[in-house]
Structure formats: C-alpha cells, structure tokens
1. What number of residues in region 68-93 are of a type in the set (A, V, I, L, M, F, W, C), in contact (Cβ under 8 Å) with a residue 24 or more places away in the chain and touching a Gly at 6+ places or on another chain (Cβ under 8 Å)?
2. Might you let me know whether region 462-479 holds any residue that is crowded, with 21+ Cβ neighbours inside 10 Å, away from the ligand (no atom under 15 Å from the Cβ) and assigned to a loop (DSSP other than H, G, I, E, B)?
3. With respect to VAL193, determine if the residue is under 23 Å from ALA63 (Cβ atoms), in contact with a strand residue (DSSP E or B) (Cβ under 9 Å, 6 or more places away or on another chain), within 16 Å of the ligand (Cβ to nearest atom) and in contact (Cβ under 8 Å) with a residue 60 or more places away in the chain.
4. Of ALA328, ALA312, which residue is of a type in the set (A, V, I, L, M), within 16 Å of the ligand (Cβ to nearest atom) and touching a helix residue (DSSP H, G or I) at 6+ places or on another chain (Cβ under 9 Å)?
5. Quick one: count up the residues across region 205-218 that are surrounded by fewer than 24 Cβ atoms within 10 Å (Cβ to Cβ) and under 18 Å from ARG59 (Cβ atoms).
6. How many residues does region 263-294 hold that are open to solvent by 20 Å² or more (accessible area, probe 1.4 Å), within 16 Å of the ligand (Cβ to nearest atom) and part of a helix (DSSP H, G or I)?
7. Considering every residue within region 246-262, establish whether at least one is near the ligand (Cβ under 10 Å from one of its atoms) and either surrounded by fewer than 21 Cβ atoms within 10 Å (Cβ to Cβ) or assigned to a helix (DSSP H, G or I) (or both).
8. Check ALA35 against each of (1) open to solvent by less than 20 Å² (accessible area, probe 1.4 Å); (2) of a type outside the set (D, E, K, R); (3) more than 21 Å from GLY154 (Cα to Cα) and name the one condition it does not meet.
Amino acid sequence: MAVTTVPPSGPTSSTSSASAPPSPRTETLKSIAPATGEVVGEVPVHSAADVQAAVARARVASASWGALSFAEREEELVRWRKALAEAADELADLIHRENGKPRLDGLVEVFMALSHLDHAAHRAAKALRAEKVSVGLLANFRATVSYHPLGVVGVIGPWNYPIFTPMGSIAYALAAGNAVVFKPSELTPLVGVKLVELAARSLSIPDVLQVVTGAGATGAALCKAGVDKLAFTGSTATGKKVMAACAETLTPVLMELGGKDPMIVAEDADVDAAAEAAVFGALTNTGQACISIERIYVAEPIYDRFVDKVVAEVGKVKVGGDDGHLGAMTSSQQVGIVKDHLEDAVRRGARALTGGPDAITGNFIQPTVLVDVTDEMKVMKDETFGPVIPIVKVKSTEEAVRRANETPFGLGSAVFGKRARELADRIKAGMTSVNSVMAFSAITALPFGGVGESGFGRIHGDHGIREFTRTKATAEQVFNLPMNMMSFRLPRNAADRVRGMIKQLYGSGAVARAKDLLGKLGR
Ligand code: NAD
C-alpha cells in the first residue's frame, strides 16, 4: 500500500494563512468554505525539507513505476480510476465545500477528470510507441524516435478546478511512466489530499503519487527540489516566478496560465444558440475558468438581438442555494478583483444591463452583462475570472478577429457563424470551439494549452502524454556502404560523388526522380 500523504517535519517558515497550529511542532493550513466561512479541514504546511524528502521517495518509486509495461500501468491506473468513481459523490461534496461551486458542478468536474485519467491510461502505449522515421540519404540506417519517462514530475495546481485541472498533468505524467509530487492550491488542499489517498489505496508501488500541502512557499520548494519537470497551472504572474525558480536548475516547465478568451459571433450565426452558449461559457464555475469567455465581439446587424437574448438568459441564472447554477466565488480576493474591474468599467462609461459592481454579497456575485465597453477598460484587458459578460459591437468579422487577437493571452476562444471553422484558424490561441464553447477541454484526444501569456506546453491527448517524456533519437546502422559519410575512409572521388548528389537531389537537375527513388526505398 502506498504511503502518499507526506508527513510534516517540524516548524516551517511558510507564508500559510493557517492560524494557531495544533501542535507546537507543525504549522498547519486551514481550508475554509467560501460559501459559509466554516473550517472544512486542516493540512500540514510542508517545509522545503519535507518536499525534498517527498521528491527523493518519488525518485525511488519512479524506477519501479517506469519499469512497468504499459499494460501493467494501465491496469494500475484503471484501479485508481475505479476508486475515484466509487468516491465521486464524496469528492464532489469536498469540491463543493472547499471551492464553493454547486455539488452538481463538482460531480461534472469529477466526471471530466475521470475521462482524462481513463484516456491517458488507455492511450499511453499508442502515444508513446516508438516511430520509425525516414533516414533520407543514410539509406543503410534505421532511424527511430522513442519516448521515455522523465522520472519525477512536480505538479502545482490552482483552486478553480481542483481535480480536473491537476488531473490533466497528473494522469498524463503517470501514464507516461513518471512518479508525481502534487502541490494543490492552499484554497483546496483537501481535494488534493483525497485524490492522492485514493491513489495510495489503488496503486501497488508506494509513493508513485504524493501530495505536499502549503501555500506559495511549498510550491516554490517543489520548483527547487530536483524534479525532472514542473507542470504549473495557475496565474501568469505566479507562472513567471515558477519559471524563474526552475531556470536556476534548468528544470523544464509546462505552463498552463491565465486567459482572456474571446468569442466571435458572426452575422450569419444562430443568435439564440450563440447567446445561450455565451452565457454558459462566461458564467459556468462563476466565471472562474481559465477558458471562460471573457470578451464577446458581435456583428452589428445581430448585436441588439444577441444582447437581448443574453440578458434574458442571464435572468434565468440562479446564484447560491442548493439548486443554484452559480456558487460562491472561491476567494474574497478574487471577489475584490471582479469588483475592481466592474467599477473601472462603469467609471469609464460602460453600462451594466444586469448585476453591476453593487450586486455583490459576501462571496456571491450576481452576473453582469456589460455593454459600451472599450479596449482600455480592465475588464477588456486583464483576466477578470468572475461572472462578467462584456459585449462589443463590431462592423465586420475582420474587425472581430483583429480585436480578438489584440491580447497578450491566447488560451481558448469560440467562434459562431457559418464560416466559423475558417475563422477559427485565424484566432491566435491554443484552442477554439466552433459553434460551441469550451468543448475542446472535454475532448480527451485534443491537446490543451495556450500561447503567449497563457503559457506553453500541452496537457491532454497524445501531446499531453509526450509532454512528460524525453524524446530519444536513435540512428542504427544496419549495413555498411562503400561511401560511408560517417567515416574518414572515403573513396578518392568522394568530392565528385558528393557534388553529384548535391546536383541530383538539390540542384535544378533530376531532383524529382532522385527523391522519388528514395521515397520508393521507404527512406
Ligand atoms: P496562483 O498562481 O495564485 O496559484 C497557483 C498555485 O501556485 C497554487 O498552488 C499556489 O500555492 C502556487 N504558488 C504560489 N506562489 C508560488 C511560487 N512562488 N512558487 C511556486 N508555486 C507557487 O493561481 P490560482 O489563483 O490558484 O489559479 C487561478 C489562475 O489559474 C487563473 O489565472 C487561471 O486562469 C489559471 N488557470 C489556468 C489553467 C490552464 O490550464 N491554463 C487552468 C486553471 C486555472
């Protein structure tokens, strides 16, 4: 049975918000329910020494885990998947209490996380199959590209999707043969601990997946603990700090950061469908999704109809209560950011058709539809991460594409209209949903990630599995040739022969014929 919850080692200098520690030796971190203020539970704050010890144990585990066959690892991960599925309601309840989202949303999150775990477990063998590649002119060689586990992967997660988001790294890293040390957000640590406890009961090799808890200092310690890759999901600002810390040891990083996702609604779009999707895309999880719709550009001829429909749909959205569509915001700090964006927008001339800066009670925010917004408003530039729908009227789809791309971010996006597929390729973002929102995150075979300030590297899909491997190139000589260019023993007329080859292959002579011949040889 794997022991995965790292034991703490005495007092630390962590910046945790924990109040009085339960023992004189160990600092702890309290998890507080954002909806009620009650304490959900307490976890230790792990010190740099604790984190290093966890990575050392993971290093041992990685040797056995990495040596398993794909089929054996698949079997192990499927056992974990089943244990998580059995505990789905318990996990959803914990997500609900720690993060504030409705229980149903918690359950959907568990469902989506399991779909990725299942995909990674089953797909790894195919995604990491060694590939034979063309040898070009070295006709006497066999060339292969193969993929190998990195060893130990550190995963640092955010609070907004405390299972789904880290699972995008954890499941794919494990399936690729690595051990993982996971540092969940200090706002949702218990979900992380539960995830790993269930892994401990399911996986036969101890310490393959461990959890370390604490705030930024524990995360910073993981960056410096000698992991072979650090997969970070969180804000762009913290991502830059993580990258700087990892640069000291040339630890490679995967950066899944923030976004300012645009949606474009073209003149020929189905207005009702687009409006309904916009409301869901902007408001689900109370707008606290990295791929939330944060700006909407609508063609002039349908603008009024679209705005009316969005306002009508927002009117049906219930905030709070057992049957609410939107729960509490996860942190009061985030509530402050949303309020600031709304106040800035209204001060600069935007009109709130619903909600507004005063429609906030504690951690509960009524959704706001904003019109008359301009590009210099915070709500149009910075990640709002709250239930806000800014809508902009544009004269053409050209203008919509140009303005959608005027951002340093580039995570998700959505395009509605008859030519939407064509427009999608012109959006500077890692992902686009066509005539839908956010769908790319639920399609397990599609890679997930951003460009620019939204980060780099990919989770999910085959790209996501390979992200946690080292790529190895092997050139195997299968027979010798009289003209061996990897040797000093060349024939006297070598220069003439090389000249001939240059002319034949790359000159204006019989290029096509020579290349065709090589192609036929399968090289
Ligand atoms: P955050 O950056 O505040 O924290 C993320 C994690 O980093 C936490 O676990 C935190 O403890 C840790 N951390 C803080 N300081 C650190 C340091 N110096 N070194 C190492 N780790 C440190 O982000 P958050 O507020 O938890 O999450 C919200 C953000 O995450 C949003 O910007 C959102 O867009 C982004 N996000 C991105 C994706 C994606 O896939 N691109 C997914 C979900 C969330």
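1. 2
2. yes
3. It is false that VAL193 is under 23 Å from ALA63 (Cβ atoms), in contact with a strand residue (DSSP E or B) (Cβ under 9 Å, 6 or more places away or on another chain), within 16 Å of the ligand (Cβ to nearest atom) and in contact (Cβ under 8 Å) with a residue 60 or more places away in the chain.
4. On the way: ALA312 fails: within 16 Å of the ligand (Cβ to nearest atom).
Testing whether each residue is of a type in the set (A, V, I, L, M), within 16 Å of the ligand (Cβ to nearest atom) and touching a helix residue (DSSP H, G or I) at 6+ places or on another chain (Cβ under 9 Å) leaves just ALA328.
5. Of all residues in region 205-218, those surrounded by fewer than 24 Cβ atoms within 10 Å (Cβ to Cβ) come to 205-206, 215-217.
Imposing the further condition that a residue be under 18 Å from ARG59 (Cβ atoms) reduces the set to 205-206.
Qualifying residue count for the region: 2.
6. The number of residues fulfilling the criteria is 1.
7. Taking every residue of region 246-262 in turn, at least one turns out to be near the ligand (Cβ under 10 Å from one of its atoms) and either surrounded by fewer than 21 Cβ atoms within 10 Å (Cβ to Cβ) or assigned to a helix (DSSP H, G or I) (or both).
8. (1)
The values are calculated or read from the model by the stated rules, or taken from the named source; none is laboratory data. Quick caveat: nothing in here was measured; it's all calculated off a predicted structure. Heads up, the Cβs are rebuilt from the backbone with ideal geometry, glycines too, and the neighbour counts pull from every protein chain shown. These area figures cover heavy atoms from the full protein model, side chains too; ligands, DNA and RNA do not enter into them. Shrake-Rupley method; radii C 1.70, N 1.55, O 1.52, S 1.80 Å.
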